[in-house]
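Undergrad: First the structure, then my questions, so here it is.
Rule-based calculations on the coordinates, nothing more; no lab input. Quick caveat, the model's predicted, so the values are computed rather than measured. We place every Cβ from the backbone using ideal geometry, glycine too, and count neighbours over all the protein chains shown.
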Amino acid sequence: MSHPLEQKLVLIRARVRRLVAVYGLSWLVAVTLATVLMLGLADYVFRFEDRGLRVLAWLAMLSAFGWTAYRHLYVPLAVRLGDVEIARRIERRFPQFHDGLASAVQFVRQPEDDPTAGSVALRRAVVARVAAEAEGLDFGQVIEPRPVWRALAAAAVAVLLAASLALWDPGSARTALTRLANPLSDVTWPQLYHLMVRNPVDRIARGGDFEVIVVDRYRRKLPREVYIHYRFENPDGTVAEETRPMRFTGEAMVDRREQVTRSFSYRAEGGDDHSMGWHRVEVLDPPAVDRITVTVRPPEYTGWPPVRSDGPIRALAGSGVEIEARTTKPLRSATLCLEDGRRLAAAVSEDGYQFRSPPPGGETLVLDQSGAYWFELIDRDGLPGGRQRWPIHAVPDSPPTVRIDSPTANLFVTPQATVQVVVAANDDLALRRIVLRAARGDQVEDSAHAIQLFAGPEGPPARPSGLGAQRTEPDRRVVNYAWDLTPFDLQPGDRVTFVATATDYRPQSADSAPRRLVVITPEELADHIAARQSAVLSELARALEIQRQSRSRVAGAEIRLDETGRLDQLDVDRLQGAELSQRQVTRILTSPSDGVPMHIRGLLADLENNHLESPDVQRQMHELLATIEALKKEHLTTIAHRLTSVIKAAQILLDGSTGEPETEPGQQQRPARPDPTVARPLAAAGQHQDAVIATLEELLGQLSRWADYRRFHRHLSQLLREQEAVSDRTTQLARSTLAQEVDDLPPHQVAELRTAARDQRELARRLDRILQEMSQAVEKIRDVDPLAADNIADAVYEARQQAVSAQMQSAGSHVAANRMGQAMRLQETVREGLRQMLDILANRRETELERLVEKLREAEDQLAELAGREEKLRGQAEAAADQADEQARRRKLEELRGEQERLREETERMARQLERLMADRASRTTARAAQAMEAAERHARQADARRAAEQAWQAKKELQEARRQLAQALQQAEAELALEQFARLEDVLGTVRGRQQAVLEETQRLDRLAKTQGSLTRGQLASLRDVSREQQMLRDRLTALADDLQRAPVFHLTLTGTANDMDRAVQALEDRLTGPPAQQAQRQALARLDRLLEAIQPQQPEPGEQQGGPAGGAGNRPGGAS
């Protein structure tokens, strides 16, 4: 009987073997089922048709089964576990045995009489102790069951998965197991894909496109790859095949062949479907258009006849189109197709070879846009055709376009202005009319006032071939219109908005951008013109400042180039900055849209539109425009080209350089020679910049003085307006305070008198300040502009000669003392004095020309004197040359040298004076004469009498030439003076004539009152005295004018006779005679003035005679003008 310890060990051994068997069998089931599942799924997905692959799968399954059985079943069961090995594993689980269990197991198996086993008692004691210790222990804890459970779980999962798949698709599971178990069997999978052609075609047109679409018959998912096979029959009877993959689009496979020319067959294969048969496609000739006739009917408003073409259509938008065509095959149907999607059925003839669109009674095709058209033709066999396209060019009849070129912006005008309007309009066919529409306010309504600027014929111009194929030129019109604002009866503060409207024959119309006229008073206009003048000055000053900055950068580059022989990158960058600045200068000076010319032309337009006679301003502005144009041609363009050339050349040199030049140690680096491609254009640019700066400085100097001149005129004009306002208040006060003492007047009238007196004295104080500023300006500009200085001095002299300021003060005192009659007479005298001052300043051009003529005559006499003295010196030099005594000749030449030096200094002063008098040619020639005199001095100092005489002769010749040139300048100045005088004479006579008419009408009114009432009242007698004073002033004005024109006898006599008539009228009025004596004299004066005005009008050219010939405007003046 075995020991209890052995029994326990036997039980443990048996339990372990059972668990090992369960573990191995579980893994065998799990691995085998997993392998079967994977191989079955692979066969299901890939449908192995190759039996070799199926055999390999079968072998893989067997290999997995065998390897798992061996690894997890056979090997573990083959291991023999001994009691000692089991005891040792138990000791590792229960450390309290202290290796005693293994020893006890060995002692139990040893016989007691084994002499090698040791003491029997000791062994029994060990066995008993271990048995006692093992009595309460569970040796089953030594076994780890978790691997077995994991194996069982894997087997359960594999079984569950296999059962699920089998239950989900029993047929596929059965097929997969059968094919896997017997790889050599004929069992196959059911077919997955069933391909079919969705759009079978059995015939197509030759040259057309073939497209085939393949889908699944049962709408299942298509295989990833589908191939289409084509089979072509060659002319020699052989067959050629072509295979290519189809393209997946959406839920179908598509393949397309373009321009098919021969018949073929096709079939598709994909996935497991290889059963599709061949489809035959026959290629046939399609129906086509053989001949086409297009009839284009233009819109009715054009009046154009129909036009025919052979296919391409070029017609006006809105034209109707009719098409007739003949085909190559009889048709079943024809459809006209357009690119915009429209499809219009055509009528086919009975024989099928002809069709027309639109059909009889159908809607006509109306062209509204360009594109193309074609026909979809179906022959009687159902074959489509008609791929040819024809272009459609629908020429749009666009609305006309119109713009206002002048004025370019909103204008400030006086109520009597005439605005020069330039309207440009064009239409792609023809313009019907152009209208200028204007209205008060900011909006132009349909009911606005309309002015017709252009009217075309009732119908558009004839065009027999319509638009044809040629390019049509648009109808362009530019209309210049002088718009007189007087009929509008505008008042200061009104705003007039106007637009130009152009209309064509469709009719379509278009409006230009609106322009606005702001009506202002003459005083506000003067301020506006002054602001424009200031803008011109500020723009020139800005251009000068930028030009100086650009010149500074160029000068720095010149110095750098001269010192180092090269320019670095920083210098090139600075030159680029200078170039940008130079462009800005050019834009400021020459841009017609936002530069100085824009301001100048705006100023000139203001003067012209508002009938402002300011020849001085106009001359100055035209000269400024000419100077700027000369700057552009001679300097600005050259500067831009030179700077660009410098920058390019310097950059090329920098890109090609390798750094600083090397020098030997201890040797001073010597500057390289500047490259001429950089140095020459750089120096030229600097020279031209210097010329621009000098010109701008000169212009600014002249315009600044001119601005001061205009400022004095503006201040005096304002002073005159305020004086007239004070005079009107004085007249109103006189009606209620006349012939009363101040003490007898009520307080409010006394206050009004004192206020008027204070205003009068304030005007006197302001006049004194203006005169002081004018005197200071005279001293400042006398050396640089003597003519302008003399003109301002004349105005100051006139004011002081007439004591205008003192009369203002006296008038104020009389107003304060209520001596209104004396005050009003003084105020009238003051107004006349201010008008004369303004007349002097306003007629600056005429005054300057008078002084210029006078000074040129004096200069002519001085040149003659200089030439005579030089001739005398030449004779003395020749006489000295003939003297034999050397000492006497030297003394004589020394005396001549001193006289020649003094004469040269006078000649140089004369040259500078001529330059100031604008006689430039004579000035330069006189300067050459001074140079010849200097050479004569030098030869006289060297005792060379012959050479001194030759130079003296050359100086005399130059002086004679200068005198001749000065005579030409004098003749031109006299001609200009005559024109100015006649222009002023026309203005003065027109003003005098208007005032004389008013005097006559007032005399007639007073005469009627005297006859009606029997006598005149006190107030009417005061009016008569005013009429007499007005008539007296007109007489004095004409007397002074006659004195100025003594060199024109006819005008002098006529003006004198007119003044005599006025004098007789004055005497009659002073005698209170308003009847025939006064009126007859006044009418005779008016008649003489009318004849004078008629005589000085420019002569109209004869028919056929050209205007504006070389003689200019002077040639059209009456003969007396010369």
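Undergrad: Using a basic spin-label model with each label point 7 Å from the Cα along Cα→Cβ, how many nm lie between ALA725 and ALA998?
TA: Label-label distance for ALA725 and ALA998, simple model: 2.0 nm.
Undergrad: Going 7 Å from the Cα of ARG389 along its beta-carbon direction, which residues of the range 316-360 have the amide nitrogen within less than 15 Å of the resulting point?
TA: Those under the cut-off are 337-342.
Undergrad: Moving on to the next point. Taking the range 205-284, which trypsin sites (Lys or Arg not before Pro) meet the DSSP loop condition and have no more than 16 other C-beta atoms within 10 Å?
TA: Those that pass, being in a loop and sparsely packed, are ARG206, ARG217, ARG219, ARG220, LYS221, ARG224, ARG262.
Undergrad: Net charge near ARG729, counting Lys/Arg +1 and Asp/Glu -1 over other residues with Cβ under 9 Å of its Cβ? Could the numbers behind the result be given before it?
TA: Numbers: positive: none; negative: ASP728, GLU752, ASP759.
Result for the local shell: -3.
Undergrad: To the nearest Å, what is the center-to-center distance of the range 293-315 and the range 359-412, using C-alpha atoms only?
TA: The range 293-315 and the range 359-412 have Cα centres spaced 12 Å from each other.
Undergrad: Here is the link list: LYS632/LYS956; LYS780/LYS855; LYS780/LYS956; LYS892/LYS957. Which ones come out longer than 31 Å on Cα distance?
TA: With Cα atoms farther than 31 Å apart: LYS632/LYS956; LYS780/LYS956.
Undergrad: Estimate the FRET efficiency between GLU906 and ARG673 by the formula 1/(1 + (r/R0)^6), using the beta-carbon distance for r and 35 Å for R0, to the nearest 0.05.
TA: The formula returns an efficiency of 0.15 here.
Undergrad: According to a simple spin-label model (label point 7 Å from Cα along Cα-to-Cβ), what is the distance in nm between GLN749 and GLU350?
TA: 11.8 nm
Undergrad: Let me ask you something else. Can you give me the convex hull volume of the Cα atoms of the range 470-592, divided per residue and expressed in Å³?
TA: Output value, Cα hull per residue: 230 Å³.
Undergrad: In what sequence do SER923, SER813 fall when counting other Cβ within 10 Å, fewest first? Spell out each step's value before the answer.
TA: Working: SER923 22, SER813 16.
So the ranking, lowest neighbour count to highest, is SER813, SER923.
Undergrad: On to the next question. Taking 7 Å along the Cα-to-C-beta vector as the label spot, tell me the VAL187-THR991 distance in nanometres, rounded to one decimal.
TA: With each label point 7 Å from Cα toward Cβ, the separation is 13.1 nm.
Undergrad: Give, in nm to one decimal, the length gained when the segment between THR644 and ALA691 is fully stretched (0.36 nm per residue of separation minus the Cα-Cα distance).
TA: 15.0 nm
Undergrad: Can you give me the long-range amide H partners of GLY456? Hydrogens built in the peptide plane at 1.01 Å from N, cutoff under 5 Å, separation of 5 or more residues or another chain.
TA: ARG433
Undergrad: Next up: With r as the distance between the Cβ atoms of ARG921 and SER552 and R0 = 30 Å, compute the FRET efficiency 1/(1 + (r/R0)^6) and round to 0.05.
TA: Details: r = 35 Å, r/R0 = 1.18.
Plugging the Cβ-Cβ distance into 1/(1 + (r/R0)^6) gives 0.25.
Undergrad: Any idea what % of Cα-Cα pairs in the range 867-973 are farther than 25 Å?
TA: Summing the P(r) of the range 867-973 above 25 Å gives 23 percent of all pairs.
Undergrad: Filter the chymotrypsin sites (Phe, Trp or Tyr not before Pro) in the range 201-277 to those in DSSP coil with at most 16 other Cβ atoms within 10 Å of their Cβ, and list the result.
TA: Answer in residue order: TYR218.
Undergrad: Here is a follow-up. Work out, step by step, the length gained on full extension between ASP861 and HIS194: first 0.36 nm times the residue separation, then minus their alpha carbon distance; give nm to one decimal.
TA: 227.6 nm
Undergrad: Let me ask you something else. For a test of the definition: using alpha carbon positions, the gyration tensor, and the 1.5 limit on a/c, classify the range 195-284 as rounded, prolate or oblate.
TA: Prolate.
Undergrad: Oh, and also: Under 8 Å for C-alpha pairs, at least 6 residues apart: give me the relative contact order for the range 195-284, rounded to a whole percent. Write out the running numbers ahead of the final one.
TA: Working: 186 pairs, mean separation 33.9, N = 90.
Reported as a whole number, the value is 38 percent.
Undergrad: Given 10 °C and 1.306 mPa s, compute D for the range 289-395 with the Stokes-Einstein relation, Rh being the Kirkwood radius over Cα pairs; round to the nearest whole µm²/s.
TA: Rounded to a whole number, D works out at 113 µm²/s.
Undergrad: Here's something else I'd like to know. Between the DSSP loop rule and a limit of at most 15 other Cβ atoms within 10 Å, which GluC sites (Glu not before Pro) in the range 729-832 are left?
TA: Those that pass, being in a loop and sparsely packed, are GLU741.
Undergrad: Assuming R0 = 60 Å, what is the FRET efficiency of LEU56 and ASP368, from their Cβ-Cβ distance, to the nearest 0.05?
TA: Once rounded, the FRET efficiency stands at 0.25.
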